[in-house]
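Please read the structure below before turning to the comments.
The values are calculated or read from the model by the stated rules, or taken from the named source; none is laboratory data. Please read all numbers here as calculations on a predicted model, not as lab measurements. When we count neighbours, we look across all protein chains shown, and the Cβ atoms used for this are built from the backbone with ideal geometry, even at glycine. In case anyone asks, the SASA skips ligands and DNA or RNA and just uses the protein heavy atoms, side chains included. Shrake-Rupley method; radii C 1.70, N 1.55, O 1.52, S 1.80 Å.
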Amino acid sequence: MFLITAFFFQACGSQKEKSPISTTQDISKDNIPIKTNKEISPGPTTTLPLRHFPVTDSTSFDDFEKSGIPDTGFLKRINFDPRRKDANNFRLNYQLPFSDSFTSVVISYQCGENELFTTLVTINKDNKIIDKLEIAYDEVAESAFGKTSKIEKDKIVVTSSNWMSEPPMFETETYILTNDGKFKKE
């Protein structure tokens with residue numbers, strides 16, 4: 001009974017998670033494996049939802065916290081670099097079935113309090129990033145700039161909007177995803 005009680009208090013008291021990998025905690029003479037967090041497998045197929053084409057991504061502050069799952073180490077494992085010093089609050093949104101040769105994951109993150117970026121990342125079987133493409137953007141400082149995308153199996157159309165001018169300006173860029181997982185502007 002003492003061992004069960006000690007195990008219960010040890011498990012409840014360990015709220016701080018150090019890594020997304022299953023760890024072993026020493027609670028007595030015996031080592032009992034305790035899962036501290038779910039790990040996303042090399043291709044996060046087991047935990048991220050798979051969305052089917054066509055997909056429209058217009059990630060915004062209105063729905064950011066409701067979608068995806070918080071990152072628990074997957075982005076560090078694939079060496080994701082947002083190239084923004086104040087990037088935080090990373091979320092893994094969904095994956096896309098572009099190819100069996102690589103995994104395609106959509107990631108969102110905040111920069112400061114006013115900017116939200118969404119990036120489509122292709123990852124090879126060795127958990128190395130092949131390429132990445134910004135597919136959505138929202139800002140709430142002036143609420144004047146944004147980016148949305150329509151993702152299809154054979155192309156990705158990214159539309160940037162600028163509401164600072166009259167009339168508003170819209171710029172569209174079309175990308176294809178090559179067989180090796182790289183984005184190519186058409």
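On the protein heavy atoms, probe 1.4 angstrom, tell me the percent of accessible surface of region 41-136 carried by carbon and sulfur. Can you show the working numbers first?
Values: 2230 of 4720 Å².
Taking all protein chains in place, region 41-136 shows 47 percent carbon and sulfur surface.
Over every pair of different alpha-carbon atoms in region 50-108, take the mean of 1/r and invert it; report that Kirkwood radius in Å.
Result for region 50-108, one decimal place: 12.8 Å.
Test of understanding: what is the full-extension gain from LYS125 to ASN88, defined as 0.36 nm times their sequence separation minus their Cα-Cα distance? Before the final figure, lay out each step's value.
Values: separation 37, 0.36 × 37 = 13.32 nm, distance 2.61 nm.
Residue separation times 0.36 nm, minus the Cα-Cα distance, leaves 10.7 nm.
Taking all protein chains together and a probe of 1.4 Å, list ARG83, ARG91 from the most accessible to the least accessible.
Working: ARG83 190, ARG91 20 Å².
Putting ARG83, ARG91 in descending order of accessible area: ARG83, ARG91.
What is the set of long-range amide H partners of ALA136 at a cut-off below 5 Å, with H atoms built 1.01 Å from backbone N?
Long-range HN contacts for ALA136: THR118.
Between ASP81 and THR174, 0.36 nm times their residue separation minus their Cα-Cα distance comes to what?
Values: separation 93, 0.36 × 93 = 33.48 nm, distance 2.35 nm.
Residue separation times 0.36 nm, minus the Cα-Cα distance, leaves 31.1 nm.
Name the residue farthest towards the positive end of the dipole of region 121-186 from the options SER160, ILE130, PHE145, assuming +1 on Cβ of Lys and Arg, -1 on Cβ of Asp and Glu, about the Cα centre.
ILE130
Once a ≥ b ≥ c are taken as the square roots of the eigenvalues of the Cα gyration tensor of region 78-164, is the result rounded (a/c under 1.5), prolate (a/b larger than b/c) or oblate (a/b not larger than b/c)?
Here region 78-164 falls in the oblate category.
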